[in-house]
Amino acid sequence: MTTNAPYTSVGKPVGQIEGVAKVTGKAVYTGDVQLPRLIWGKLLRSPYAHARIVRIDSSKAKALPGVRAVITGQDIPPTLYGRRMRDMPVLAREKVRFIGERVAAVAADTAAIAEEALNLIDVTYEQLPGVFDPIEAMKETAPRIHGSVAEYFNHAEPVPDLPNTYAVMVRDKGNLDEGFRQADRIFENTFTTQSNHHGYMEPHATVMNIDDAGRLHAWISVKTPHTARAQLSWLLGIPQEQIVVSARHIGGDFGGKGSLMDAPVAYYLAKASGRPVKIVMRYTEELQAANPRNPGIITLRTGVMNDGRIVAHHARCVWNTGAYQAFLPAGWVPGGTEAAGNYLIPHVRLENIGVYTNNVPRGHVRAPGSPQVTFAIESHIDMIAHELGIDPWEMRMKNAIGEGEQSPTGEVMHDVFLKDTLQALKDASKWGSPTPRPNMGRGLGIYNRHVGSGSSTQVITVDRNGNVTLITVAPDTGTGAHTILKQIVAEELNVPLERVGVTIVDTDGVKSDDGVGGSRVTNTHGNTAMLVAQATRASLVTTAAALLGIPSEQVTVGVERFSGGGKSVSFDDVARRAAGDAGGTLRHEVTHDPGSTSGIACFTVQMVEVEVDRETGQVKITRVVSAHDVGTIINPIYHQGQIDGGLAWGIGFGMTEELMLEEGRLLNPHLGDYKLPVTKDMPPLETVLVQHKAGPAPYNAKGIGESSNVPTAAAIANAVFAAVGVRINDLPVTSEKVYRALQAQQ
Amino acid sequence: MPEMEYVEPSSLSEVFDAFDRYGEDGRLIAGGTGLINLMKQRLVQPAALIALRKLSGSLGTITSENGSVRLGALVIHRQLEASPVVKQHIPLVAEAFGHVATIRIRNIATIGGGLAHGDPNLDPPSTYLALDAMVRIASRSGSRDVPIGEFYKDYYETAVQPGEVVTDLIVPNQPAGAGTAYIKFLPRTADDYATVSVAAVVTLSADKSRFQDVRIALGSVGSTHIRATAAEDLLKGRQVSPASLKSAAATVAEAVDPLTDVRGSGDYKRDMAVVWTRRALEQAVVKAGGKLE
Amino acid sequence: MNFEQRLTVAAPREAVWDLVTDIPQVALCIPGVTKVEHIEGGRYRGTMTVSVGPIRLNLEGNISVEVQDKATWTAAMKADAAERRIGGGVDATVSLTLTEKGPAETEMLITTVANFLGRVGEFGQPVIRKKADSTLQDFAKNLQKKLTGG
C-alpha cells in the first residue's frame, strides 16, 4: 500500500543511527556524564501533602564527612519557575504542597553519603489540611493551596474567582442554547481519568558545572535545549550567552523531558559547593514527583436528532493539576479543545478548568490531554448510539467531519480523510461480523492529531573528503528523528545514506531551535533539514558547473555525480573543490519555521476486540486494528514503531497504568506495583495505512508520534460494553471494575 | 548503596563463621533478586554480604531419592524448570516455576532464596504446600527439617533463625495418577505478581467417581501462602461433580485474608480466590481422568 | 492511615484513666517500644523497634501529651519518630476514650492516625497498614493485661 517511488532514501526501512551505540551500552546519557571533581546531589522531599515548614536544622548533615553543600529554600533566591506560568519553587520555602516536593538538597562525594546526610536534616512541619479532589478544591470551604494566582508571572487571564482555580477557559461556536433547543434528545455523562507516568527508561538527570570563567555548563535530559537555556537564564539571573545546555541521548521522553526538573537545584548545589554536581532521580522519585498525566473529570452533554445527527455539545473538563501548574501551559490544557471529538457540530461550548490540589504536579504526557478527553467523547458517542439504536460505526460516519468543514472549535479543515479512514478500518476489521466466541465485543475510537510546528536551526557541512554532516541541537528521544533527517539530507543531495552523518551539538552550536515536542519534528526539523540540504546542493551545483564549464542551470544532479555538457564530475571532486573554496569546509545554516499547521488533520481510527471473563471481570484484548491517515512515510520502521509503541501506551492507559494516590501519598511507588504492559500483553495488531500525498512535512509527510496511544482506552471501554453490556466510565478499565459492574448488572 | 563488605565462603562451616563475625548485620545473598531490591531502597543495609555462590556445587543439585525430589537451595529457577527429574516426579512444581517473573529473573533467582524471602506473592510455594514439602535448615549445631506448613510465619518472615541457612527443599513425588493444576490470575500485566494463585493436586478413586485425596494451596491472599484444608476435607470421599467443586471452593472465602492493594481490594481477591480455586480443581480433576458434567 | 480498636476491660474507669495518662506506662504497652524517658512537662523521648522480615526500623523520637481531659475521659498522645538509617519515619496520634460500662468494666476506644513517611513509607503501604493494625491490636491486649494483672 505504501510506496517510496520516486525517492531513493526517503521511504527506506533504515535502522536507527544510534542503534548500535545503544544496544552495546556505548551511548552516553546525561546520567553517564563524568567530569573531574564531580559530586552527587540528592533531594530531601516533603513527607506531607500540605504543611508549613516551621524550621529546618541541617547542622548535623553539614557536619557529616564528605558532605560539600546543604541548601534549603532560605539559601537561594525565591524566584519561581515553570514552563509558562511560574508558580513552582526550586526548593520549598514557607510551605510544602505535595508529598515529594523538594525541601532541601545535599551535595556529597558519593550518592550514599548524600543520602545519609538527607536523613540528618531535621525539618519541623506544621501539618495543614489538604485537598486532593478538584471538585472539593473549588469549594469555599476548601483549604487554600496557593496565595494569589494573579501574582504569578504568566498567569491565565482572567484569574478565576474560585478557590484553588487558576484557569477557566471557555470556547464557543454557534449558539449552544439554540442547539439544545433543536435537539430531539439530550445525553449527559461524566468520565474520570487517572494519572499515569510516562514510563521512560531513563530517569531525569542533570549535571551542572560552573567553569573558571563563570560560565554554566548544563547537561540536562531535556528535549528542548534552547528553551531550557532561556528558562535557566531568567530563573538563575544569568545571561543566556553565559549558559550552554547539552542534551545527550534521551532514554525516552513521551512528553516528560521538556522541563528543567532538578537542574536549577543542581546549579545551586554546584554554586554552593564549588564543584560540578550530578543529580539522577530514583524511579520512585520519578513516580512521586515528576510530571505525570493530569487526571480529568469530564462531563459531556450532547444534543442529537433522532437520526443520530449531533447538533449541540457542551464539554466541561475539570483538570486535577496537582500542587503546581509549572509543567503545563497556563490556560488551555492541550487536548481540552478536543472534547467534542471530530464531528461536525454546529453549536459547541468547551470549558476547561484548571484546579490546584495537594497531589504531585501534573504535566505533559504523550498527546497531553488528548487520551483523557478522547476516552470521554468516544465513550459518550457509543453510549448515545446505543440509546438511539444506531451502530457505533454508523454513528461516527454520520457525524464525521468532512473536507472544508469546520472543526468543533471553528477551524476550517482541509485534506480531511476521516471518512476514508473509517471505511478502511471497517473493511479491515470486519466490523459488524459475528465475534468468534460469546462475551466478546468490538469497540471503536477516533482521534485527530495536529501536525506540530515551530522553528529549527540546522547546519550542513561538507568537508574535503566529501563527508556530509547534518548538525542539529534537537536530540533524538528514541523515535528515529535523526535517522529520518539523515534520509532527507541524502535524498536532497542524491547521495547514499552512508555519506551523511548526524552530529548533535549543544546550544553554542546553533543559534536557536524549538527542540522536540508537540508532534513537531518531522515537519519542523524535516523541512529545515530539507532547506539546508537544498542550499548545500545549490552550492555544490555551482561548484560543479564551474568544474564542468557550463552554467549552473545545465547541471544535472545524479547519484554522487554532477553532469552536463556531455561531461560529469564525481561528488567527491565537487565536494573537495567546494570545501576548499570555502576554506576547508562548506557550511550552510538555515533557521526555518514552516508556519501554521491549523486545519491539518492526521486521523487515527482504532478497533479493539476484547473477550471478557464474566466470572472475574478480566478483559483480554484479542485483536486491534489501527487505521491511520498518513502522508508519505519517510522511514517505515519508525513510523510503525510509533504506531505499535503508541498502542502499548494506549493499552497501559486504558487498563493497567495508574498512580494510586491516597491523600496525595503514592501507594505504588515502584515499577513492581505500578504496571506498564509488557511484550506478552500485546495483542495481535493490524495496521491500516490510508495514504495520501497531503502532509506539510517534507515529501507530503505527516506526524505519527502522538496518534495511536490516544483512542485505545475508549475503544477498550466500548468493546467491553459490546461484549458484556457494562459501561466503565472511570479509567483504567480494571478487572475489578468490570467484575463489580457485572455483579450490579445481575 | 552504602559501602559494605562482601565475602564468599566456600563451605557451610565458613558460612557459619561469617555469621559469627557479622551477626545480624551480615546477610546471605544467592541470586539477589529479592535482597538487592531492598538494599537499593535502603530498607536493608547489611554491613556484609555473605555470598553463597561457591556452594553451588554442593547445594545446586537436583536428585531423586526415596520417593522424593531433593532440591538444593542454590538450584536456580530455570534449572529446576528444565530438570527431567522435576518434570517426571513433580511436574506441578516445574509448571509453577514457569510463571515466575521473567526468564532473566529465573536465570539468576535460586529456590532457597525464594524460600527464605518469605514473600506470600511468589508462585512456587503454593505447590510446595500442596505437595507437603519439607525445608532443610542447617546451623553450626546440625540440621533440622521443617514441614512447609510450619515454615512461613508472616510477611517476609520464615522459620529460619539467625545463624541458620536453608540448604534443601525435599518435595515428595506427586501421587501416581494425580491431576494437578497451577493457576496464576494476572488481570493487570503478564509480569505482575498474582492477584490470586492456586495450586491443586487431586487424586480420584479407581473408577474416577470420587475424590480420594485433594490438596489446595493459595498465594497472594494472606500474610503467607495458605493451605485450604476446609475445602480439601469437604471433597475427600465425595462424588466428583460441579456442585461438589463449587461448594468446596466457596469455603476458601473463609480461609483467605487478602490485603487491599494495587492488585485489587481484599473483597475482590476473596471472590477471585473462590473462582480460581474452583477452576484449578476443575483442571486437576480433568487431568486426573475425572469427568465434570 | 486510620485505625480503630475497641475493647472492654474488667477494671473501673478511674483505674484505666490512671494508666492511660501515665505516658511511660502506656507507651511501653506498644509492642517494640523499648525506652521512654521524661523530658519536661508533657514531653517524653522514646525508642521503638519494628521488624518486617529482613527490614528493621529503629525509630527514635518524641512523645507528647496532646489531650488529657478527664471531663470527657479522653487522652491523646502524639508520637513523632525518625528512622535515621533508612530515612523518613512515622508520626502517629493515638487517642483513647473511656466509657463506663459498669463499676468494674470500662470500654476503651483507641483511634490512631498514622503517617509512614519518606523511605519508610515506600515499603508497601498495604503491608505497613496490616503490620500497624496488628501492632495496635497487641497494644490493646497489653493494656488489658496490665489493667487486669493478666
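The values are calculated or read from the model by the stated rules, or taken from the named source; none is laboratory data. Computed from a prediction, not measured in an experiment: that's the story for all the values here. Using ideal geometry, Cβ is built from the backbone for each residue, glycine included, and neighbour counts are taken over all protein chains shown. Protein only, heavy atoms only, side chains kept; ligands, DNA and RNA dropped before computing areas. Shrake-Rupley method; radii C 1.70, N 1.55, O 1.52, S 1.80 Å.
Odds and ends about this structure:
- Residues that are under 20 Å from residue C:53 (Cβ atoms) and either touching a residue at least 40 places away in the same chain (Cβ under 8 Å) or open to solvent by less than 60 Å² (accessible area, probe 1.4 Å) (or both) do not occur anywhere in the stretch B:78-89.
- The stretch A:235-248, residues that are touching a residue at least 12 places away in the same chain (Cβ under 8 Å) and assigned to a helix (DSSP H, G or I): A:235, A:236, A:242
- Only one of A:52, A:97 that is surrounded by 16 or more Cβ atoms within 10 Å (Cβ to Cβ) and either among the β-branched types (Val, Ile, Thr) or away from every other protein chain (no Cβ under 14 Å) (or both): A:97
- Restricting the first member to the stretch A:664-679 and to residues that are facing chain B (nearest Cβ under 9 Å) and over 15 Å from residue A:194 (Cβ atoms), and the second to residues that are assigned to a loop (DSSP other than H, G, I, E, B) and open to solvent by 40 Å² or more (accessible area, probe 1.4 Å), the beta-carbon pairs closer than 7 Å and six or more apart or on different chains are A:678/B:191.
- From A:585, A:616, residue being of a type in the set (Ser, Thr, Tyr), more than 25 Å from residue A:704 (Cβ to Cβ) and within 14 Å of chain B (Cβ to nearest Cβ): A:616
- Here residue A:180 fulfils each of the conditions (1) aromatic (Phe, Trp, Tyr); (2) within 20 Å of residue A:476 (Cα to Cα); (3) part of a helix (DSSP H, G or I) apart from (2).
- Residue in the stretch A:28-40 that is of a type in the set (Ser, Thr, Tyr), closer than 19 Å to residue A:107 by Cβ and under 27 Å from the mean Cα position of the chain (by Cα) present: yes
- Among the residues here, residue B:221 qualifies as buried (at least 21 other Cβ atoms within 10 Å of the Cβ), part of a loop (DSSP other than H, G, I, E, B), touching a Leu at 6+ places or on another chain (Cβ under 9 Å) and not assigned by TED's automatic domain parsing to the domain that holds residue B:85.
- The helices (runs of 4 or more DSSP H) found entirely in the stretch B:83-198 that carry 3 or more residues being of a type outside the set (Lys, Arg) are B:84-89, B:91-97, B:111-117, B:124-130, B:148-151.
- The criterion of at least 1 residues that are small (Gly, Ala, Ser) is met by the following strands (runs of 3 or more DSSP E) wholly inside the stretch C:1-119: C:43-52, C:55-69, C:74-83, C:89-102, C:105-117.
- You will find that of A:232, A:287, A:260, the residue that is farther than 21 Å from residue A:453 by Cα and either modelled with pLDDT under 95 or in a loop (DSSP other than H, G, I, E, B) (or both) is A:260 and no other.
- Qualifying residue in the stretch C:109-122 (condition: in contact with a Lys or Arg (Cβ under 8 Å, 6 or more places away or on another chain), open to solvent by less than 30 Å² (accessible area, probe 1.4 Å), more than 12 Å from every other protein chain (Cβ to nearest Cβ) and within 23 Å of residue C:14 (Cβ to Cβ)): yes
- In the stretch A:595-607, the condition of being open to solvent by 40 Å² or more (accessible area, probe 1.4 Å), away from chain B (no Cβ under 14 Å) and aromatic (Phe, Trp, Tyr) is met by no residue.
- Among the numbered conditions (1) more than 23 Å from the chain's Cα centre (by Cα); (2) free of Cβ contacts under 8 Å to residues at least 60 places away in the same chain, the only one that residue B:290 does not meet is (2).
- Candidates A:280, A:265, filtered to the one that is hydrophobic (A, V, I, L, M, F, W, C), open to solvent by 10 Å² or more (accessible area, probe 1.4 Å) and in the same structural domain as residue A:236 (by TED's automatic domain parsing): A:280
- Test: residue A:349 is outside the structural domain of residue A:47 (by TED's automatic domain parsing), more than 22 Å from residue A:703 (Cβ to Cβ) and under 18 Å from the mean Cα position of the chain (by Cα): no
Residue by residue, here is whether (1) closer than 17 Å to residue A:738 by Cβ; (2) within 19 Å of the chain's Cα centre (by Cα) holds:
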site	(1), (2)
A:597	no, yes
A:619	yes, no
A:632	no, no
A:643	no, yes
A:690	no, no
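- Scanning the stretch A:524-574 for residues that are in a strand (DSSP E or B), open to solvent by 60 Å² or more (accessible area, probe 1.4 Å), touching a strand residue (DSSP E or B) at 6+ places or on another chain (Cβ under 7 Å) and over 19 Å from residue A:469 (Cα atoms) turns up just one, A:556.
- Output for the stretch B:189-208, where each listed residue is away from chain A (no Cβ under 14 Å) and either free of Cβ contacts under 8 Å to residues at least 40 places away in the same chain or open to solvent by 40 Å² or more (accessible area, probe 1.4 Å) (or both): B:205, B:206, B:207, B:208
- Residue in the stretch A:698-746 that is farthest from residue A:12 (Cα to Cα), counting only those that are part of a loop (DSSP other than H, G, I, E, B) and hydroxyl-bearing (Ser, Thr, Tyr): A:734
- Scanning the stretch C:59-108 for residues that are small (Gly, Ala, Ser) and either crowded, with 17+ Cβ neighbours inside 10 Å or within 24 Å of residue C:34 (Cα to Cα) (or both) yields C:61, C:64, C:75, C:76, C:79, C:81, C:82, C:87, C:88, C:89, C:92, C:95.
- Looking only at residues of the stretch B:230-266 that are free of Cβ contacts under 8 Å to residues at least 24 places away in the same chain and away from chain C (no Cβ under 14 Å), we find that the one that is most open to solvent (accessible area, probe 1.4 Å) is B:233.
- Every test in (1) open to solvent by less than 50 Å² (accessible area, probe 1.4 Å); (2) within 30 Å of residue C:89 (Cβ to Cβ); (3) charged (D, E, K, R) is passed by residue A:57 save one, and that test is (1).
- Selected residue [assigned to a helix (DSSP H, G or I), at pLDDT 85 or above, within 14 Å of chain A (Cβ to nearest Cβ) and closer than 22 Å to residue C:77 by Cα] from C:141, C:130: C:130
- Hits in the stretch B:176-188 - residues which are over 16 Å from the mean Cα position of the chain (by Cα) and more than 14 Å from every other protein chain (Cβ to nearest Cβ): B:176, B:177, B:178, B:179
- Only one of B:107, B:173 that is in contact with a helix residue (DSSP H, G or I) (Cβ under 9 Å, 6 or more places away or on another chain), away from chain C (no Cβ under 14 Å) and without any contact (Cβ under 8 Å) to a residue 40 or more places away in the chain: B:107
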